[in-house]
Structures are given as structure tokens and as C-alpha cells.
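The block underneath contains the structure these notes are about, expressed in C-alpha cells.
The values are calculated or read from the model by the stated rules, or taken from the named source; none is laboratory data. Because the structure is a prediction, the values reported are computed rather than measured. Neighbour counts are summed over all protein chains in view; Cβ atoms, including those assigned to glycine, are modelled from backbone coordinates with ideal geometry.
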Number of protein chains: 4
Amino acid sequence: MTENPLEQARQAVAAMYADDQASQSLGIVIEDVAPGHATARMRVAAAMVNGHAIAHGGYIFLLADTAFAFACNTYGPTVAGAAEIVFVQPATEGEELVAEAKERVRFGQSGIYDVTVRNGAGEVVAEFRGHSRRIRARAE
Amino acid sequence: MTENPLEQARQAVAAMYADDQASQSLGIVIEDVAPGHATARMRVAAAMVNGHAIAHGGYIFLLADTAFAFACNTYGPTVAGAAEIVFVQPATEGEELVAEAKERVRFGQSGIYDVTVRNGAGEVVAEFRGHSRRIRARAE
Amino acid sequence: MTENPLEQARQAVAAMYADDQASQSLGIVIEDVAPGHATARMRVAAAMVNGHAIAHGGYIFLLADTAFAFACNTYGPTVAGAAEIVFVQPATEGEELVAEAKERVRFGQSGIYDVTVRNGAGEVVAEFRGHSRRIRARAE
Amino acid sequence: MTENPLEQARQAVAAMYADDQASQSLGIVIEDVAPGHATARMRVAAAMVNGHAIAHGGYIFLLADTAFAFACNTYGPTVAGAAEIVFVQPATEGEELVAEAKERVRFGQSGIYDVTVRNGAGEVVAEFRGHSRRIRARAE
């Protein structure tokens, strides 16, 4: 195990992604990993929309929550305890969305992460705030 | 169009569900519809879990958000503006989850709905609060 | 120390209130205490309003937060970790507001409490949700 | 009325503060005003604490909410619709707290503002997110 924080963050994310059926099956790609930071990218598929070809808010949350989960796990095993989301504008089928998660503050075993979801034109689709909690690593 | 509020609520939900690829493709079933109220049911599928067979929080949100959307649309066209969720305990692959949405208050064009997600044993999996906003119906 | 939960709740609240300069100096009265439940009452004073005789939202939060704090401390030493509030309608100078806090769920060391603030006419002024965390009692 | 956005922001804040009994009576000072931005400063007084000389969370919210209100009113008449707060660490009697509000995004008549409350050592005391809504200016 390296002691380089950037390398540790990338290794933690790679191991986590390898196990994550949910992210993989939706075609979510993780990029720009650094301590307390991650970007998640997803295309709005036909199965993610309602009758007006607008993405279900649940999938927008899911993308933001994924970016958040990868960002907070760059520091070691961490769980998402809670989150809030504001839906700023709709996303349509076929659009590629990018969720960028940034650490705002860490204190004790807790952390707050801000995630902005943008469309291909760089417009804000949603603002998300996630609340994390460190957990003890499982014994192997 | 009937003037019976319960019948109107059910008709609004049926029309909305018929158009909703996202809910249908996840096997979400809507039940117990009444004005300001709806229940959504979903089984945690293999594609919804991470490597430890724990449901991705995004899918739990999506189920709660679906119950919320159907509950607030019983009054006519309404959009989800924002939501908060607290993850109380994990859900595992194969479990059936039930999200019950209840109106808390409506004011002006806005509404607040509380959604509790429970597992098959009746234990709370998540608590969700959704914020809705009435929109003008589109002219046909 | 009694083993009756209702009596324990009332004793915990009385001890907490005796020490609470903030609640006392604002004339907040605590009522209807039971395990997981408390009501806080406050009149909107001249020093709580802005130029239009509308109560500062901060004081409405403070009242709701107080009801929440007393409700969650009925179970023993507990801190408020986070909260959300929606301002439903303004309150005016001289009005008496009542905040009723009810436990929604407890899990591990955490709890969620819903607080509704109403005016004298029984109309909803604000909806608040508080997130608590049990702490170890200090050694005497 | 000037057309300079910075000058307009400052005039809007000065007019608002002149009418605001709540902020004035708590000794809150507003600084660093710019479009979408404001800083509010307050000393934790004896009447703001509980029995352990820890500031009541309601007053920390009130300070953050004040910074938020001034920041969003730099664009014209705006109301606080909702807010969330996380209490990161306690503040004690006599400490001076500074709440810095920054616009995150505006869309339609809505806005989201992030407010960080820090103590004199620059440590984070609370993280707040406020949701605003533009209103029509009243006819004079």
C-alpha cells in the first residue's frame, strides 16, 4: 500500500468500483479522483425516463450519490448517512450528465460533500449535499 | 372526468404510471393511492447492489422519490423540487422494499411529503422528505 | 431516579430547562413532555422581527430546535447534529407560536424528529426535521 | 438608483439592515457585501447559551440565516424558503462567529446559497445551505 494520498485515493476507488454492480450496470464512469474528490459521468438511457423523456429524479440522485460515495471513500471505508438534493432543471434522454463531488468539511468521523450535476452544456441540473460517516474497515 | 377525489387521484396515478419507463423497468408497483398518498413497492435486484450485496442508496432514494411523485401528483401536475433522505439501515439483494408517501402540508403551490421506506420485516430502511411544486397542466 | 419512562422524561427536561439561559431569556415554555415528545411555546417579541413586523426565520428555527432538543433528551443526553426547516408562512409580532416535536425513528445512536410550528389559529408556520445523536453522559 | 451591481447590492443591504430589529438587537454586523455574497458577524452572548456555556444551535442558525438573507437580497426582494444546517462543533460564550454566505446557483426565481460559520480560530462551527425565492417588490 502506497503512502501517497493521491495514489491511495485512486486505489480505494478502483477497488470499490470493481465490486459495484449498480454503477457498472448503469454505465457510470468515475474520473478525476483525488482525496475528497471524484467525478461520475452517466448517459441518460431510455429506461431512466418518464413519459416526457425527462430523466427520473431518482437517477439524477443516484449519479450524484455515486460521485459522493467515491469521493468520501478516498479516505477509507465510509458510508453515506444522508443527503439532500435540489432539482434545478430537467435532463433529457441521451444527455450525458457529469456529477462533480467535492469535500466541504470533515469533522470527527463525519464529512459533508457538495455535488453539482451538470449537462453537456455545463448547465446545472441538480445540487446535492451528502453526509458521510467513517466506518471501521472490516477485518480480512 | 369524475369529481370524486379518490377516483381522480387513481386516474392521475394510472395515467402517470403508463408513461413512466423508469418505474416500470425497475418493477416498481404503485398501491394504496388516495389524495396526497401513495405506496411504491420494489424488489432489490442484482443490478441494484454493490459488492457486498447492499442496495445502492440511489435505488432506495429512487423508490422513495417515486412514491413521493405519485402521491403529490394525485392533486394534478406537480414536480419534485427537492428532497432529503436519511439512510437508516442497509437493504440487501432480494428484499422487497415498500415506500409509503404521506402528505405533511400543502401551501400555495408547494407541498411537503414524508416517505418511509421499510423492508419486509417492517423495519425502517430510510426516511425521505420531498418538496413539491404545482405546475400548470400543458395545453393539449 | 424513577424507572417510569414518562417521569424520567419529565425529570430530564426539567433539569435541562433549569440550565438553559437561551430558552428562558426568550420566554420559551416547555409543555406536554413524554418520551420522544415535547412542545415549546413562544411569543414573537419586538426584538424578533424585521422591519415589516415579520418574525426573523432564525427565531422560528430556534423555537423548533428547542422543542426538538427537549424531545430527544427525554431519552438521555443527546445532541442536535443537523436540521432542515421549510418556512411555510410568516409569523407576526405578538403572535404565540407552538412547536410540537415528535420522534419519527431512532436507530443506533441516531434519531429523527419532526417538528411542526403553528400559530394561534393552528395554521402551519414551519416544518422542521431534526437529526439527533446520543452522547455518553458526563461523569459527575 | 445606480446601475453598478456592487453599489446596488450595498444599498439593498443597508436599507434592509436599517429595518431589521432582530439583527440589530443581537449585535449582528454585516460586511463584505457583493452580488450574491455577504458576511455576518456576531458575538455569543450570555443569553444565547445553555447551562454548559455552549451556544444554542438556534442562534448559530440565526446568524447563518442572516448572512444568507442579506446575500440573496443583494439581487432584490427575496425570501428564505427553506434551509438545512449541520452543527460541526460547539461555540462558547464570548466567541465571535463569522458566517460567510456565497451564492451557489440561481435558476428561475430560486437560488441556493452556502453559508459557513467559523469561530475566531477559523474552525468550522456549522455548514448551512439556504433556499431562496425572488418575490415581486411591493408597490410603494
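At-a-glance table
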| item | result |
| --- | --- |
| Residue in region B:74-89 that is more than 13 Å from chain A (Cβ to nearest Cβ) and among the charged types (D, E, K, R) present | no |
| Pairs, first of a type in the set (D, E, K, R) in region D:22-33, second surrounded by 14 or more Cβ atoms within 10 Å (Cβ to Cβ), C-beta under 6 Å, six or more apart | D:Glu31/D:Thr39; D:Asp32/D:Thr39 |
| Among residues of region B:26-64, those that are touching a His at 6+ places or on another chain (Cβ under 8 Å) and surrounded by fewer than 16 Cβ atoms within 10 Å (Cβ to Cβ), counted | 0 |
| Subset of region C:95-140 [surrounded by 13 or more Cβ atoms within 10 Å (Cβ to Cβ) and of a type in the set (A, V, I, L, M)] | C:Leu97, C:Val98, C:Ala99, C:Ala101, C:Val105, C:Ile112, C:Val115, C:Val117, C:Val124, C:Val125, C:Ala126 |
| Residue list for region D:87-110, restricted to those being farther than 19 Å from A:Arg104 by Cα and in a strand (DSSP E or B) | D:Thr92, D:Glu96, D:Arg106, D:Phe107, D:Ser110 |
| Number of the exception - C:Glu31 against (1) assigned to a helix (DSSP H, G or I); (2) more than 13 Å from chain D (Cβ to nearest Cβ) | (1) |
| Sole residue being out of contact with any Lys or Arg (no Cβ under 8 Å at 6 or more places or on another chain) and farther than 19 Å from D:Ala64 by Cα, chosen from C:Gly108, C:Gly130, C:Gly76, C:Gly94 | C:Gly108 |
| Residues that are closer than 21 Å to D:Asp114 by Cβ, within 14 Å of chain B (Cβ to nearest Cβ) and touching a residue at least 60 places away in the same chain (Cβ under 8 Å), drawn from region A:90-140 | A:Ala99, A:Ala101, A:Tyr113, A:Val125, A:Ala126, A:Phe128, A:Gly130, A:Ser132 |
| Any hit, region A:48-55, residues being part of a loop (DSSP other than H, G, I, E, B), facing chain B (nearest Cβ under 8 Å) and either within 14 Å of the chain's Cα centre (by Cα) or over 29 Å from A:Ala121 (Cα atoms) (or both) | no |
| Residue among B:Ala101, B:Ala34 that is modelled with pLDDT of 95 or more, hydrophobic (A, V, I, L, M, F, W, C) and more than 27 Å from A:Glu84 (Cβ to Cβ) | B:Ala34 |
| Residue check for C:Tyr59: outside any strand (DSSP E or B), within 12 Å of another protein chain (Cβ to nearest Cβ), farther than 20 Å from D:Gln89 by Cα and within 13 Å of the chain's Cα centre (by Cα) | yes |
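Residues are listed down the side, and each one gets a yes or a no for (1) part of a helix (DSSP H, G or I); (2) of a type in the set (Gly, Ala, Ser); (3) in contact with an Asp or Glu (Cβ under 7 Å, 6 or more places away or on another chain):
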site	(1), (2), (3)
C:Ala9	yes, yes, no
C:Ala15	yes, yes, no
C:Ala38	no, yes, yes
C:Arg41	no, no, yes
C:Leu63	yes, no, no
C:Thr66	yes, no, no
C:Phe70	yes, no, no
C:Gly76	no, yes, no
